[in-house]
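Encoded as structure tokens, the structure appears first; notes follow it.
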Amino acid sequence: MKRKIALITGATSGIGRACAVELAQAGYDIIATGRREERLLKLGQELSSHAQYHYLKFDVRKKTEVDKAIDALPNSWKKIDLLINNAGNAHGLEPIQDGNTEDWDAMMDINVKGLLYVSKKIIPGMVNRKSGQIINIGSIAAKEVYPKGNVYCASKYAVDAITKGMRLDLTEHGIKVMGIHPGLVETEFSIVRFKGDQEKSGEVYEGIHPLKPEDIAEIVRFAVTRPAHVVMADVTILAASQSNSNTIYRSS
Ligand code: NDP
Ligand code: 8X3
């Protein structure tokens, strides 16, 4: 059976980490990326009984780091079949007039430009081989703007637009491009958004049953294991207690 390699950005935590575990179980060899090396090492130990594993430590904001890390992949890891552009976060939740420009830079640089830098390195090989699958992790925030979500939502709208643009450009090259858009998933997302404030981040999930990262990973596995003639182009997955990003039913 042909070896399949998945490169997952942001695999040190949350959705990316769960995708690495799920895809290793589905038979993929895994290239995990992130900035926290100790977590990348630990993930490798965890996956060692299922899959071959390689990790790359880089900050997606830094194009030279991205280029250097991906160029340094050993030949046996260069043919990437599946790219999951997942690395990203929200930084802050403020009305636009109070927004912090460093937070704005972080969200645009990581969620949008970082995704582009990584994609730019991987897509040419897929085009040459005339095969590949790309999943961009967007968000319900890529579909609806919510109060104080302003720049985070803008970054995710951009991810949605880039996903559609990639699909237009890459379909003729035999590459499937998919957008997966989660609602509320309990990960380190809110801890990062609120800069370590546990109380505020806990409130996001209070009185609801949020999605788990594994719920998203299961759908990613389903998406990438469809027959050759099927592409799951665009999927939104919400927690059952939310109707959209603004309307959330909480038990008291
Ligand atoms: P986590 O905070 O748990 O994980 C974020 C991941 O992104 C980490 O592995 C982190 O790795 C990586 N990352 C962040 N910044 C950088 C950077 N500058 N360079 C490299 N890697 C980086 O959050 P989630 O798992 O929830 O988020 C994953 C994706 O899912 C994001 O794109 C997010 O927007 C999206 N999403 C999340 C939802 C949620 O409710 N949780 C809902 C919808 C979408 P490290 O810190 O080691 O670099
Ligand atoms: C993360 C989900 O609703 O906080 O993208 O924007 S939300």
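List of remarks:
- Condition check for Ser201: within 14 Å of ligand 2 (Cβ to nearest atom), surrounded by fewer than 16 Cβ atoms within 10 Å (Cβ to Cβ) and over 19 Å from the mean Cα position of the chain (by Cα): no
- Extreme residue, nearest to ligand 1 (Cβ to nearest atom), among residues of segment 129-148 that are in a loop (DSSP other than H, G, I, E, B) and crowded, with 19+ Cβ neighbours inside 10 Å: Ser139
- Subset of segment 160-193 [farther than 15 Å from Ile237 by Cα and within 10 Å of ligand 2 (Cβ to nearest atom)]: Thr187, Phe189, Ser190, Arg193
- Residues that are buried (at least 20 other Cβ atoms within 10 Å of the Cβ) and either at positive phi or in contact with a strand residue (DSSP E or B) (Cβ under 8 Å, 6 or more places away or on another chain) (or both) do not occur anywhere in segment 98-110.
- Count - residues of segment 19-31 that are small (Gly, Ala, Ser) and either under 22 Å from Ile70 (Cβ atoms) or crowded, with 24+ Cβ neighbours inside 10 Å (or both): 2
- Of all residues in segment 71-90, those being surrounded by 22 or more Cβ atoms within 10 Å (Cβ to Cβ) and either outside any loop (DSSP other than H, G, I, E, B) or touching a His at 6+ places or on another chain (Cβ under 7 Å) (or both) number 4.
- Test: residue in segment 204-219 that is assigned to a loop (DSSP other than H, G, I, E, B), in contact (Cβ under 8 Å) with a residue 40 or more places away in the chain, farther than 23 Å from Thr236 by Cβ and within 13 Å of ligand 2 (Cβ to nearest atom): no
- Among residues of segment 162-190 being outside any strand (DSSP E or B) and among the β-branched types (Val, Ile, Thr), the one that is nearest to ligand 1 (Cβ to nearest atom) is Thr187.
Laboratory data are not the source of any read-out in this text; all were calculated from the coordinates shown. This structure is a prediction, so every number in the text was calculated from the model and none was measured. Cβ sites come from the backbone with ideal geometry, for glycine too, and all protein chains shown count toward neighbours.
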